[in-house]
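Trainee: First the structure, which I've put down as structure tokens, then a few questions once you've had a look.
The values are calculated or read from the model by the stated rules, or taken from the named source; none is laboratory data. For clarity, every value in this text was computed on a predicted model and none was experimentally measured. Neighbour counts run over all protein chains shown; Cβ positions are idealised from the backbone, glycine included. Please note that ligands, DNA and RNA were not included when accessible areas were found on the heavy atoms of the full protein model with its side chains. Shrake-Rupley method; radii C 1.70, N 1.55, O 1.52, S 1.80 Å.
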Amino acid sequence: MKPIACVSIFFVSICFICLAMVSTTEPVKLVNVGVILDIADEWIGKLCLSCIQMAHSDFYATHRYYSTRLVLNLRDSKSDLIAAASAAVDLIKNVAVQAIIGPQDSREANLIIEMCNKARVPILSFSATNPSLTSPRNPYFYRIAQNECAQAHAISALVQAFEWKEVVPIFIEDMYSEEAISCITRSLQEADVRVSYQAAIPQSAVDYQIVQELQKLNNLTTRVFVVHMSPILGSRLFAIAREIGMMRTGYVWIVTTEMTIQLASLSSSITDTIQGVVGVGAYFPKSKEFQDFQVRLKLKSQQENPTIIGSELNVYCLWAYDSVTALAMAVEKAGIKEFGFQNTSTDSRNTTDFEMLGVSLSGPQLGDSLVETILRGLSGDFSLVDREINSPIFQIINVFGDGKRVVGFWTPKIGLARKLDSTRTNTGTGTYSTSKSNLGPIIWPGDSSSAPEGWDLLANGKKLRIGIPYKTGSFSEFVKVEYLDGNDGIASGYCIDVFKVVLQALPYPVSYEFFPFRHRDYGNLTSSYYNNLIQQVYLGTIDAAVGDITITAQRSLHVDFTLPFTGNEATFIVPTKQENKKDPWIFIKPLTWELWVTSFCFFVFIGFVVWVLEHGVNKESRVPPSHQVDTSLWFSLSTLVFSQWERIHSKLARFVVIIWVFMGLILTQSYTASLTTLLTVEQIRPTVTNINQLIQNGESVGFQYGSFSLEFLRRMGFDDSKLRAYKTAEECDRLLTMGSRNGGIAAAFDEISYLQVLLSRYCSKYTTIGPTIQTQGFAFAFRRNSPFVPDFPRAILNLTERNKDIMKAIADKWFMNGSLCPQPSSVDASYSLDLDSFRGLFVLSAIASSSALIIYAAAFLCRRGREFMQFYSNDSLW
């Protein structure tokens with residue numbers, strides 16, 4: 001034998017001897033672990049038990065040199081709370097397990113958690129998905145599964161993708177399902193989706209109870225339902241829904257992970273009843289390891305459980321597999337030297353089994369090691385965040401044919417996606433999307449490929465309930481209700497006609513009936529009639545409100561408004577008075593005092609400039625100083641009235657005079673036109689010109705009862721004692737005629753639409769003054785997320801932009817033509833010319849005159865520079 005071979009054999013023998021010595025001196029530590037399952041449950045209990053056993057054998061086949069080894073101790077919960085609790089007590093007290101895998105039900109887990117907390121024994125559940133289990137009060141509970149609340153945002157994104165505005169959840173009537181539905185409801189409401197009703201069905205419900213609840217749902221207008229219940233009760237629900245016609249075209253059914261995880265366990269007869277259902281399911285990558293495991297599990301199931309052979313595994317089995325792997329790694333990594341319990345009971349005679357449970361010496365250390373465990377499992381990347389598996393990805397599935405098909409995915413960072421991109425999923429690059437274009441084609445109930453609208457307004461012949469204001473004699477041009485011969489009220493008016501025309505423009509027919517809304521509290525200043533009407537819409541007493549309803553920010557918090565169909569301004573209206581034409585000083589009014597003063601100053605300035613420019617070249621200007629001043633002023637003034645006869649020799653002076661004559665021509669002609677208007681046109685001016693006068697003089701101001709105007713007046717600084725409410729245009733006219741000193745009002749504040757009615761009736765008796773407040777105009781109010789809200793604005797835009805003749809015809813029908821009335825005018829505002837109108841001319845004249853002076857001075861200094869220097873040297877400059 002060669003020397004090298006001998007050396008190799010020697011070293012190999014040495015290694016085996018060392019390993020044998022180590023194995024002899026340090027035996028493998030056996031760690032007891034409890035497993036609590038419902039063995040009678042084939043698709044979770046039996047199947048997951050097989051996965052747990054395979055995980056145990058697979059792990060130690062590849063980690064045979066570990067110093068620790070899990071020993072599985074199986075207990076059957078028999079789907080009973082007491083049996084599950086007894087199994088946990090037995091495992092902790094008699095077997096001294098260091099951890100428990102299971103149970104598979106949230107109710108059982110909630111009971112066992114109390115024991116594990118007391119004994120400090122970690123409990124790993126792969127199927128108890130209730131959100132409350134991982135609270136800080138349960139530090140030894142580890143969820144190796146997705147929290148039921150994690151799917152809430154995925155469901156919300158799916159609803160947003162198809163723009164459904166109302167959803168009804170259907171769930172099992174117990175505290176655990178209610179917590180999950182609470183998460184889903186909260187997520188939907190954050191996305192502005194209305195949850196108007198929740199249907200709770202008892203676990204033990206018989207068929208007729210399910211029929212009653214479904215018929216109640218069928219009477220609602222919404223057609224989008226989210227089902228959160230077990231496959232057993234869920235399959236019964238869908239079978240009955242199919243019988244009563246709720247699985248046809250137009251309906252939307254969304255199921256949660258509670259059902260989608262176990263779709264493979266449903267028979268073909270049940271699958272036929274859920275065709276077109278959309279669901280949110282847990283995602284796991286189908287790696288090569290997963291495929292190999294699936295083949296081996298099928299072979300094992302053929303021998304042990306031939307009745308549960310299926311085409312695919314449920315994710316519970318994968319989570320159970322990863323639970324064993326993670327626990328085995330955590331036990332080894334913890335490096336615990338001694339596994340045992342410390343007995344805390346001092347008297348065993350008067351204590352129960354629960355009180356006699358000891359405290360695990362290794363529980364806290366094992367729990368910390370479990371949290372730090374990271375691995376690549378069959379279900380994907382395994383890590384725990386807040387003692388829950390970090391698996392945020394969901395798949396969107398569609399039931400069609402013999403099974404389900406994946407139409408998309410959802411992740412917290414990118415939202416909906418047709419395919420998973422590992423780079424975008426991990427980094428979150430890109431924007432969050434809820435677009436339906438990111439989903440594949442979906443077959444809906446009734447074998448329809450078109451997405452349902454999500455609502456049916458004509459369900460069971462139901463009519464839309466429309467609330468309208470009922471105010472006796474209060475601006476009846478907008479809304480009027482008449483009762484004839486004891487019949488139902490007949491509604492008419494401008495707003496009613498606009499509403500009917502908009503309904504005709506909708507792409508579908510709508511049945512409706514009007515409900516006049518009465519309000520008795522007319523005497524209370526703070527009472528808002530229209531706010532109470534909006535409140536009825538918010539409470540669901542009526543479906544919509546139609547009338548002269550103004551959009552306000554406060555009202556929009558409770559209802560959804562359409563686009564406005566009227567103007568959007570509010571202002572004051574005040575009485576007018578006749579202007580007195582016998583004013584002896586009327587010739588001064590065409591110009592404001594600023595313009596008079598500026599013109600006089602320029603007379604003097606232009607005369608001075610011409611005198612300076614002519615003084616050296618015009619012999620006629622060499623006269624005594626007093627005569628020179630008279631001549632200069634006379635020259636500048638005479639050019640505005642008639643042609644002057646004085647000869648001008650300086651070219652610079654001629655340039656200045658040309659500009660001045662041009663300016664004077666414009667000024668005199670404007671003065672003549674304004675004075676002519678003052679003397680010939682009939683003048684009507686307001687009694688009050690601004691609101692400051694009203695506040696300072698303590699005048700009373702009116703507003704229409706029930707409108708939003710009251711709040712605006714308070715913000716402007718008006719005291720409540722000076723505010724008067726009126727109900728009709730006639731009452732407003734009477735109060736304005738009386739005046740503030742006689743118990744009436746000096747002004748009224750209202751929207752332009754109402755003021756136009758008043759002005760069209762009383763013509764030039766009143767006029768409007770500022771300020772003008774911007775409002776949102778009149779609009780129709782619907783319940784939040786009403787399916788009408790998207791369609792009504794489009795119809796209103798179509799009428800106001802493309803069919804203006806229709807809107808004009810409606811307006812002419814109900815309102816008098818106010819354009820025939822003489823329009824009030826204001827003397828000061830309309831006919832007094834101010835300085836701003838001529839500012840450019842004055843600036844031009846000033847520049848021309850100043851430039852001429854500068855040029856003249858420069859030329860003068862150049863010509864007389866030598867003499868100037870001589871005078872300066874002899875100190876005789878003057």
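Trainee: Does A180 count as within 17 Å of the chain's Cα centre (by Cα), more than 29 Å from A328 (Cβ to Cβ) and touching a residue at least 60 places away in the same chain (Cβ under 8 Å)?
Mentor: no
Trainee: Sticking with this structure for a sec: For the stretch 120-137, how many residues meet the condition of being farther than 23 Å from A328 by Cβ and in contact with an Asp or Glu (Cβ under 9 Å, 6 or more places away or on another chain)?
Mentor: 4
Trainee: Looking at V604, V661, V657, V597, which is the one that is β-branched (V, I, T), under 20 Å from S849 (Cβ atoms), modelled with pLDDT of 75 or more and open to solvent by less than 30 Å² (accessible area, probe 1.4 Å)?
Mentor: On inspection, the qualifying residue turns out to be V657.
Trainee: Answer yes or no: is there a residue in the stretch 46-61 that is crowded, with 20+ Cβ neighbours inside 10 Å, out of contact with any helix residue (DSSP H, G or I) (no Cβ under 9 Å at 6 or more places or on another chain) and not hydroxyl-bearing (S, T, Y).
Mentor: No: the stretch 46-61 contains no residue that is crowded, with 20+ Cβ neighbours inside 10 Å, out of contact with any helix residue (DSSP H, G or I) (no Cβ under 9 Å at 6 or more places or on another chain) and not hydroxyl-bearing (S, T, Y).
Trainee: Can you name the residue in the stretch 722-754 that is under 41 Å from the mean Cα position of the chain (by Cα), open to solvent by 70 Å² or more (accessible area, probe 1.4 Å) and at pLDDT 90 or above and, of all such residues, is farthest from R555 (Cα to Cα)?
Mentor: Step by step, filter the stretch 722-754, then rank; the result is K722.
Trainee: If we only count helices (runs of 4 or more DSSP H) wholly inside the stretch 649-730, which ones have 1 or more residues that are in contact (Cβ under 8 Å) with a residue 40 or more places away in the chain, under 29 Å from P590 (Cα atoms) and in contact with a Leu (Cβ under 9 Å, 6 or more places away or on another chain)?
Mentor: In the stretch 649-730, the matching helices (runs of 4 or more DSSP H) lie at 651-680.
Trainee: Please verify whether the stretch 310-324 includes one or more residues that are part of a loop (DSSP other than H, G, I, E, B), under 19 Å from C116 (Cα atoms), touching a strand residue (DSSP E or B) at 6+ places or on another chain (Cβ under 9 Å) and modelled with pLDDT under 80.
Mentor: No, that holds for no residue.
Trainee: Looking only at the stretch 243-277, count how many residues are part of a helix (DSSP H, G or I), open to solvent by 30 Å² or more (accessible area, probe 1.4 Å) and free of Cβ contacts under 8 Å to residues at least 60 places away in the same chain.
Mentor: Within the stretch 243-277, residues that are part of a helix (DSSP H, G or I), open to solvent by 30 Å² or more (accessible area, probe 1.4 Å) and free of Cβ contacts under 8 Å to residues at least 60 places away in the same chain number 4.
Trainee: Here is a follow-up. Could you list, in sequence order, all residues of the stretch 114-132 that are surrounded by 23 or more Cβ atoms within 10 Å (Cβ to Cβ) and within 16 Å of A85 (Cβ to Cβ)?
Mentor: Once the filter is applied, which keeps residues that are surrounded by 23 or more Cβ atoms within 10 Å (Cβ to Cβ) and within 16 Å of A85 (Cβ to Cβ), the stretch 114-132 yields C116, A119, V121, I123, S125, A128.
Trainee: Pairs only if they're at least six apart or on different chains, beta carbon under 9 angstrom, first in the stretch 123-137 and among the acidic types (D, E), second open to solvent by 30 Å² or more (accessible area, probe 1.4 Å); list them, first residue then second.
Mentor: none
Trainee: While we're here: E173 is checked against (1) surrounded by 22 or more Cβ atoms within 10 Å (Cβ to Cβ); (2) out of contact with any Cys (no Cβ under 8 Å at 6 or more places or on another chain) and fails just one. What number does that condition carry?
Mentor: (1)
Trainee: So, T672, is that one hydroxyl-bearing (S, T, Y) and over 30 Å from I534 (Cβ atoms) or not?
Mentor: yes
Trainee: Inspect all residues belonging to the stretch 115-130 and state whether any of them is of a type in the set (D, E, K, R), out of contact with any Phe, Trp or Tyr (no Cβ under 8 Å at 6 or more places or on another chain) and farther than 26 Å from C317 by Cβ. Write out each step before concluding.
Mentor: Within the stretch 115-130, the first condition is being of a type in the set (D, E, K, R), and the residues that meet it are 118, 120.
Pick out the ones that are also out of contact with any Phe, Trp or Tyr (no Cβ under 8 Å at 6 or more places or on another chain) and you get none.
So far as the stretch 115-130 goes, no, none of its residues is of a type in the set (D, E, K, R), out of contact with any Phe, Trp or Tyr (no Cβ under 8 Å at 6 or more places or on another chain) and farther than 26 Å from C317 by Cβ.
Trainee: V280 fails exactly one of the following numbered conditions: (1) touching a helix residue (DSSP H, G or I) at 6+ places or on another chain (Cβ under 8 Å); (2) assigned to a loop (DSSP other than H, G, I, E, B); (3) under 20 Å from I393 (Cα atoms). What is the number of that condition?
Mentor: Every condition holds for V280 apart from (2).
Trainee: For the stretch 184-242, give me each residue that is within 29 Å of the chain's Cα centre (by Cα), part of a helix (DSSP H, G or I), under 20 Å from E148 (Cβ atoms) and not charged (D, E, K, R).
Mentor: I184, T185, S187, L188, Q189, listed by residue number.
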